[in-house]
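The values are calculated or read from the model by the stated rules, or taken from the named source; none is laboratory data. What you see is a predicted model, and the numbers here were worked out from it, not measured in a lab. We place every Cβ from the backbone using ideal geometry, glycine too, and count neighbours over all the protein chains shown.
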Amino acid sequence: MKKLNKNSIGIIGGMGPQASARMLEIMISMASLEFNAINGDDFPEIIVDSIPIPDFISDKKNIKPAFKMLSDRVKKLNLLGISRFAIACNTAHIFINDLSQVSDSPFISMIDKVAKEVLKRKIKRIGLLASPSTIKFNLYQKALKGKVETILPSDKEIDLLENVIRNIISGKNSSLDTKRLLSIAKSLERRGAEGIILGCTELPLIFPKDFILPVFDSLEILSRSLLRKVYE
């Protein structure tokens, strides 16, 4: 099997598929606008694998089957000689260490890259909008521990966030979902948040662009980090 070029990128997606498609769009746009890609061969080689993973966000019994599907797919993608992998889903980063064990190439962590950007801004208290599992598994809390205080939504707000995320994935979101998301973000601001992490890759699809606080879009941050490794 023919190997890909030395700067190829493998995106593990499908969780949900809208976010995976957006990540590819972001990377192509960034390559042009920020890294001066002009001709077709100036752009990076990107493989997006949108995998129909069973819901493990709220259903614990699907965690093992989901990991097996992802692990098997990484093993197959190894045959292409991909240079580095990324996961277009915050919650799926609960698997990143184990997936790294079956990968021939490194995984670039979305969580670590977002945490690094938050630290660069010298923010002391950050609000987190994310899926229940991302919050429960302390993905961002661990990455920022001892450096930045993470302000979490209330239990009721977490339930609302899950509903918003599911509506986006199913394509049934409405202006009400945007209002709910904005209301939760403002609640975090009132509690002292100096910025907001969009810690679910679906949320930027509907989150207002003009929010009063700095907003850390996890998908954009990961995309830019991957492109820097290609071009710099």
Which of the residues spanning segment 81-111 are surrounded by fewer than 19 Cβ atoms within 10 Å (Cβ to Cβ) and either touching a residue at least 60 places away in the same chain (Cβ under 8 Å) or basic (Lys, Arg) (or both)? GLY81, ARG84, SER105, ILE108
Restricting attention to segment 151-188, which residues are among the aliphatic types (A, V, I, L, M) and touching a residue at least 60 places away in the same chain (Cβ under 8 Å)? ILE165, ILE168, ILE169, LEU188
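Is it the case that some residue within segment 93-108 is among the polar types (S, T, N, Q), part of a helix (DSSP H, G or I), within 16 Å of the chain's Cα centre (by Cα) and at pLDDT below 95? Lay out the reasoning, then the answer.
If we filter segment 93-108 for residues that are among the polar types (S, T, N, Q), which is where we start, we get 97, 100-101, 103, 105.
Next, only the ones that are part of a helix (DSSP H, G or I) stay: 97, 100-101.
The next check asks that each one be within 16 Å of the chain's Cα centre (by Cα); those that pass are 97.
Checking the rest, the ones that are also at pLDDT below 95 come to none.
Scanning segment 93-108 turns up no residue that is among the polar types (S, T, N, Q), part of a helix (DSSP H, G or I), within 16 Å of the chain's Cα centre (by Cα) and at pLDDT below 95.
Rundown of residues vs (1) among the acidic types (Asp, Glu); (2) at pLDDT below 95; (3) under 20 Å from the mean Cα position of the chain (by Cα), yes/no style:
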{"residue": "ILE151", "(1), (2), (3)": "no, no, yes"}
{"residue": "ILE158", "(1), (2), (3)": "no, no, yes"}
{"residue": "GLU162", "(1), (2), (3)": "yes, yes, yes"}
{"residue": "ARG166", "(1), (2), (3)": "no, yes, yes"}
{"residue": "ILE169", "(1), (2), (3)": "no, yes, yes"}
{"residue": "ASP177", "(1), (2), (3)": "yes, no, yes"}
{"residue": "LEU182", "(1), (2), (3)": "no, no, yes"}
{"residue": "GLU189", "(1), (2), (3)": "yes, no, no"}
{"residue": "GLU194", "(1), (2), (3)": "yes, no, no"}
Provide a single number: the residues in segment 46-61 that are among the small types (Gly, Ala, Ser) and either in a strand (DSSP E or B) or touching a Gly at 6+ places or on another chain (Cβ under 7 Å) (or both). 1
Of the residues in segment 175-200, those that are out of contact with any Leu (no Cβ under 7 Å at 6 or more places or on another chain) and of a type in the set (Gly, Ala, Ser) come to SER175, SER183, SER187, GLY192
Inspect all residues belonging to segment 33-45 and state whether any of them is modelled with pLDDT of 95 or more, under 12 Å from the mean Cα position of the chain (by Cα), part of a helix (DSSP H, G or I) and on the phi < 0 side of the Ramachandran plot. no
Got a sec? Which of LEU226, LEU219, LEU181, LEU203 is touching a Ser or Thr at 6+ places or on another chain (Cβ under 7 Å) and hydrophobic (A, V, I, L, M, F, W, C)? LEU219
The one condition GLY81 fails out of (1) of a type outside the set (Lys, Arg); (2) part of a loop (DSSP other than H, G, I, E, B); (3) more than 17 Å from GLY195 (Cα to Cα); (4) touching an Asp or Glu at 6+ places or on another chain (Cβ under 7 Å) is (4)
The correct count of residues that are assigned to a helix (DSSP H, G or I), modelled with pLDDT of 95 or more and surrounded by fewer than 20 Cβ atoms within 10 Å (Cβ to Cβ) in segment 118-135 is 2
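Being assigned to a helix (DSSP H, G or I) and within 28 Å of LEU160 (Cα to Cα) narrows it down to one residue among LYS76, LYS64; which is it? Give the derivation first.
Numbers: LYS76 fails: within 28 Å of LEU160 (Cα to Cα).
Every option except LYS64 fails the conditions.
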